[in-house]
1. First compute the accessible area of the stretch 154-313 with a 1.4 Å probe, then give the percent of it belonging to carbon and sulfur atoms.
2. Multiply the residue gap between Asp216 and Leu317 by 0.36 nm, knock off their C-alpha separation, and tell me the result in nm, one decimal place.
3. Taking a spot 7 Å from the Cα of Glu196 along the direction of its beta carbon, which residues of the stretch 94-134 have an amide N less than 20 Å from it?
4. Please turn the phi angles of the stretch 186-191 into ³J(HN,Hα) values with the Karplus equation 6.51 cos²θ - 1.76 cosθ + 1.60 (θ = phi - 60°), one per residue in order, whole Hz, x for glycine and proline.
5. Excluding Thr94 itself, what net charge comes from residues whose Cβ is under 14 Å from its Cβ, given Lys and Arg +1 and Asp and Glu -1?
6. Extension gain Val206-Tyr280, at 0.36 nm per residue separation less the Cα-Cα distance, in nm?
7. How large is the Kirkwood hydrodynamic radius of the stretch 176-330, counting all unique pairs of alpha carbons, in Å?
8. Taking 41 Å as R0, compute the FRET efficiency from the Cβ-Cβ separation of Ile264 and Ala42 and round it to 0.05.
Amino acid sequence: MVTRLDAPKHDLSSLRIDDAQRNHGNLGKRLAVLIGGLILLAGLAAAIVAFRGRTPEVEVAVAQKPPVGGREALLNASGYVTPRRRATIAAKITGLVTGVFFDEGTHVREGQLLAKLDDSDARRALDSARGDRDSTEATVHDYEVQLRNARITLRRTEQLQQAGIDTQEQLDNARTAVDSLQAKIDLVKTQVTGAEARIREAQQAVDNCTIVAPFDGIVVSKDAQIGEMVSPISAGGGFTRTGIATIVDMNSNEIEVDVNEAYIARVASGQAVTAVLDAYPDWQIPSQVRTVIPSADRQKATVKVRISFLKLDPRILPDMGVKVTFLSEEKHEAKTHDSPAGVLVPESAVRDDSGRKIVFLVKDNHAERRAVTVGNTRGADAEIMGGLAPGDTVIVKGPREIRDGQSVEIRK
């Protein structure tokens, strides 16, 4: 092998970065990071200043004097709207769903078709029962023709026997033939009755494949789809439905509340009640006690009370939360020198501060903290026995961290 003496030599030291150049690059990166951090801090500080300087918006209400001469609130309770007529519609047989003719929210009438199951097997059984009935009826017609001929033969034999031509034996045989055919006809007619009973049974099996609404109402739950199996009993595997739909009669909506048994003596059937739905806190619904269930719950020490709405409304939906106030039976007579104590404000205006009840008033666009004495509640309102005067403007909705003397803006 020949080695060239004049080949160039590689100098690895020429690839080394000068220290001055390396320090200059690091310094640029550090300055960029420092400037970016300063810009970020400045933006955060500006955002904090802007947030703290923003005036919070609040919703207010005016403290009102309670009505003079109204009924006194005896008791407050909470419960739910429950319909008296609610039904989960199920099939009487196990079958495959082939049609569903409703959806959630559908208004249905009594007898309206809701769903259909596969009825092919039931219809075949019905056709078979009808065929048996028709065959048996044809047998009856055949025996009736034979019976008419046998009776003709019997009359002829009787005449011939009286004339001395036929013997007594021939007469007896003719009578036996008539009686035998009559017995066969009676037997086959009984079989026809049995065949008709089987037809009605097969027809009922076909009818069981049709699910209809048992009463007028609204579908609130759709529990089966086309192609699913349904059964009146649980199959245990989780693939068979036990219900088709849930229907509620909205005209049967009422209120169900649990009253502490210590106060149940204040409740009576027919007693006036004011109900307030949680969804509509400003809507007071006149109601009355329908019944007091004569049984107590030993675990909760309560008695169940059912309350009827005096006038139903489409806004009242099953399972809505509701607060009720049981009123006294008689109205208090208003006197010239007597006026009700305290004022009424929305219950949301009252706040808890270390065990003390307070409200925030709005005066000159500033919040003013005020300690109050709270009495009874009247529907969605709280009765303030001390600390407020009629006409005071109180905050009902606003930030929880609001401070005394803080500037506020009333929401329009």
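The values are calculated or read from the model by the stated rules, or taken from the named source; none is laboratory data. Worth saying up front: this structure is predicted, and the values here are computed from it rather than measured. Neighbour counts run over all protein chains shown; Cβ positions are idealised from the backbone, glycine included. These accessible areas exclude ligands, DNA and RNA; they are computed on the full protein's heavy atoms, side chains included. Shrake-Rupley method; radii C 1.70, N 1.55, O 1.52, S 1.80 Å.
1. Carbon and sulfur atoms account for 49 percent of the accessible area of the stretch 154-313.
2. Length gained, Asp216 through Leu317: 34.8 nm.
3. It comes to 126-134, nothing else.
4. 4, 5, 5, 4, 5, 5
5. Once positives and negatives cancel, what remains is -2.
6. Full extension from Val206 to Tyr280 adds 21.9 nm.
7. 21.2 Å
8. The pair Ile264/Ala42 has a calculated efficiency of 0.05.
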